[in-house]
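Here, each number is a calculation from the coordinates, and none is a lab measurement. Please read all numbers here as calculations on a predicted model, not as lab measurements. Note: ideal-geometry Cβ built from the backbone for every residue, glycine included; neighbour counts use all protein chains shown.
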């Protein structure tokens, strides 16, 4: 059984809906899942070491900007040793803007730069998640479970 930290922020409820779906999907694999939100829970990047995997969700402001409640975490990641840590990123955005889901990209790139083992499918949802998006979430969860079982 692996320990997974699911960390997210949501302003409209769309990213929260994705996070809840992912948490529900993880339940069938009997992992220990801790769910925290950027706006309600104190997040210490050193805490990441306690987990086998990290799933981070965010929305994007306007033209792909990072939400203010994620900024400190993003900056503090530089001080944490996350090399080899299994990480997945997800969130919502709006294709109306030139940069769709830019905050998701920023997080994924930051984790890669710091040597984390970032899952390939960065889930970006246009506003509200639909059936296709939940299938992508299930694929992420299945791939995460496989990697955890393999010890990768």
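Quick rundown of the values:
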read-out	value
Potential lengthening between residue 143 and residue 121 on full extension [0.36 nm per residue; Cα-Cα distance subtracted]	7.0 nm
Volume in Å³ per residue [convex hull over Cα atoms, computed for the chain]	97
Relative contact order for the chain, counting Cα pairs under 8 Å that sit 6 or more residues apart, in percent	25
Chain lengthening between residue 112 and residue 11 when straightened (0.36 nm per residue, less Cα-Cα)	33.8 nm
Theoretical ellipticity at 222 nm over the chain - DSSP helices of four or more residues, -39500 (n - 2.57) apiece, nearest 500	-11500 deg cm²/dmol
Antiparallel %, DSSP beta bridges [both residues in segment 3-150], to 5	5
Inter-probe distance in nm under a simple model that places probes 7 Å from Cα toward Cβ, at residue 49 and residue 95	4.3
Packing rank of 47-60, 110-123, 91-104, where each peptide gets the mean count of other beta carbons within 10 Å, highest leading	47-60, 91-104, 110-123
Interatomic Cα distance distribution for segment 83-152, bins of 10 angstrom, percent	21, 46, 28, 5
